[in-house]
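Only one structure is covered here, and it is reproduced in the block below.
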Amino acid sequence: MTFDFRNTNTLWASVLSETLVRLGLTTAVISPGSRSTPLTVALAGHARIEAVPVLDERSASFFALGMAKRTGWPVALVCTSGTAGANYYPAIIEARESQVPLLVLTADRPPELRDCASGQTIDQQKLFGSFPNWYAELAIPQADLALLRYLRQTLVQAWHRTLEPTPGPVHLNCPFRDPLAPVADDSTENLKPVLDNSFWAGLEPFKPEPQPGWVAPGVFATWRGCDRGLIIAGPAQPTDPGVYGQDVAKLARTLQWPVLAEALSPLRNAASLNPWLVTTYDAILRQPGWLADLPPQQVIQLGPLPTSKILRQWLEQYNPRRWVLDESGRNLDPLARQHNPCAAFNSSTSRKFGSGVVFIYGGLRRTLAGPGAKVRHRLDAALAGLEPLFEGKVPWLMAQCLPPRTPVMIANSTPIRDAEWFWPPGDRQLRPFCNRGANGIDGTLSTALGLAHQGRLPCWLRGI
């Protein structure tokens, strides 16, 4: 049934679940609890929602994060009242910092049962502070047509805010009065004659359109006139790594600039797109005899900087003119040096490069190409001849042995640095993931399980 008329709570929750399905929801991760019963019954009972039960709320939140991280599509998170929602906090922070869409639904007691020593109750107003993209507390469910329309519209707003203007978490606090179980009563009889399919008129799946990239014409001229330019590709986990790689390759070929790609960039796993890809920059920059020939005049930074501390110190020392391309508008300059923020880097940005332009060749591209190839060759030879298995050889082997397009979850701290130092370039289109938003060391296993989960996807996401 589209509408569950058994009681006020079931009707309210059925409108909630149907609205989200029509917007594009396919998956809900649910932890058990009493106060969240109306939400659980409605979401688990919907034929088009895959409801995944995860007992522990902390694990559930990172599991949902992994699923949303892989698809780029919102996953609903549901828990009961009290401290249950507080266990979501680390994953909410990571979702905000790494721009992963999550719709968080925390059940709550009604206002008259708050701040009166009622069990399983805490202050859940803005429980996650400023980390959600948006927060709202829903009204107490009522069998009223105007309020059901309000509920529908609030959910539309919440869903859109998980995806635009920048993906991230949205928190809806959902109070319920008894009865929580789907016990039939006559509280919704007055709505049966007026609620029909016309209630859903105009409600369609929401597919965000890519924001057009924009860089001033004068900036292109500045780039084109520089023979000591460099592109630094930091962590990027796009839902379509192929398009991202092609766009960066077009930029690099147009400018004839080398590309330094860290292990969390899709570029290392699509190396043939870019003949001037450098993956051994950390080792190169540790050689004092080479540094005099390497300082760039301009740097295009795609997203956050790579993990490498040596790279950051090198940029801080020579302070080239830096152009940061990122759609979120965040400050991505931990060096606290002057830089030039630009728009998002995407297909519409790269299409603005014309053809037939005369460029200045050589410069830094030639300077980096020789050392980059030499270090790569020596590093590969050393690792191939090393019999004992140590941490650094694991990512080197994985990059060459895993089946094509395999998603790989990399933990923070030492493992991500091992990957940056030793992960070789290749064309297996592997998909590395890591919780690099807040660089936390928790939730790794649950995120990996979420990445591995093969759930339902919107039809336009299938095949990615």
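Computed from the coordinates by the stated procedures, all read-outs in this text should not be read as laboratory data. Everything numeric here is computed off the predicted structure, so don't read it as measured data. Backbone-built Cβ (ideal geometry, glycine too); neighbour counts: all protein chains shown.
Tabulated data
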{"quantity": "Peptides 435-442, 242-249 ordered by average Cβ neighbours within 10 Å, highest first", "calculated": "242-249, 435-442"}
{"quantity": "By average C-beta atoms within 10 angstrom, highest first, the peptides 136-149, 108-121", "calculated": "136-149, 108-121"}
{"quantity": "Likely footprinting exposure, PHE62, PHE5, fewest C-beta neighbours within 10 Å first", "calculated": "PHE5, PHE62"}
{"quantity": "Rough spin-label spacing in nm, given labels placed 7 Å along Cα→Cβ, for GLU316 and GLN246", "calculated": "4.0"}
{"quantity": "Environment charge of ASN269, counting only residues whose C-beta is closer than 11 Å and scoring Lys/Arg +1, Asp/Glu -1", "calculated": "+3"}
{"quantity": "Helix axis angle, 309-318 relative to the chain longest principal axis, alpha carbon, degrees", "calculated": "60"}
{"quantity": "Acute angle (nearest 10 degrees) that the helix 364-384 long axis makes with the longest principal axis of the chain, alpha-carbon atoms", "calculated": "80"}
{"quantity": "Charge sum, other residues only, whose C-beta stays under 12 Å from SER36's C-beta, Lys/Arg counted +1 and Asp/Glu -1", "calculated": "0"}
{"quantity": "Summed side-chain charge close to THR121 - residues other than THR121 whose Cβ falls under 13 Å, Lys, Arg +1, Asp, Glu -1", "calculated": "-1"}
{"quantity": "Efficiency of FRET between GLN125 and GLN429 - r from beta-carbon atoms, R0 30 angstrom, step 0.05", "calculated": "0.10"}
{"quantity": "Of LYS250/LYS393; LYS207/LYS309; LYS69/LYS250; LYS250/LYS374; LYS309/LYS374; LYS69/LYS192, pairs whose Cα-Cα distance is over 29 Å", "calculated": "LYS250/LYS393; LYS207/LYS309; LYS69/LYS192"}
{"quantity": "Which labelled figure in [x] 203; [y] 369; [z] 155 is volume of the Cα convex hull per residue in Å³, once derived from the coordinates", "calculated": "[z]"}
{"quantity": "Listed peptides 73-85, 413-425, 299-311, 389-401 by packing density, highest first (mean Cβ within 10 Å)", "calculated": "73-85, 299-311, 413-425, 389-401"}
{"quantity": "Label-point separation in nm, LYS374 to GLU112, each point 7 Å along Cα→Cβ", "calculated": "8.1"}
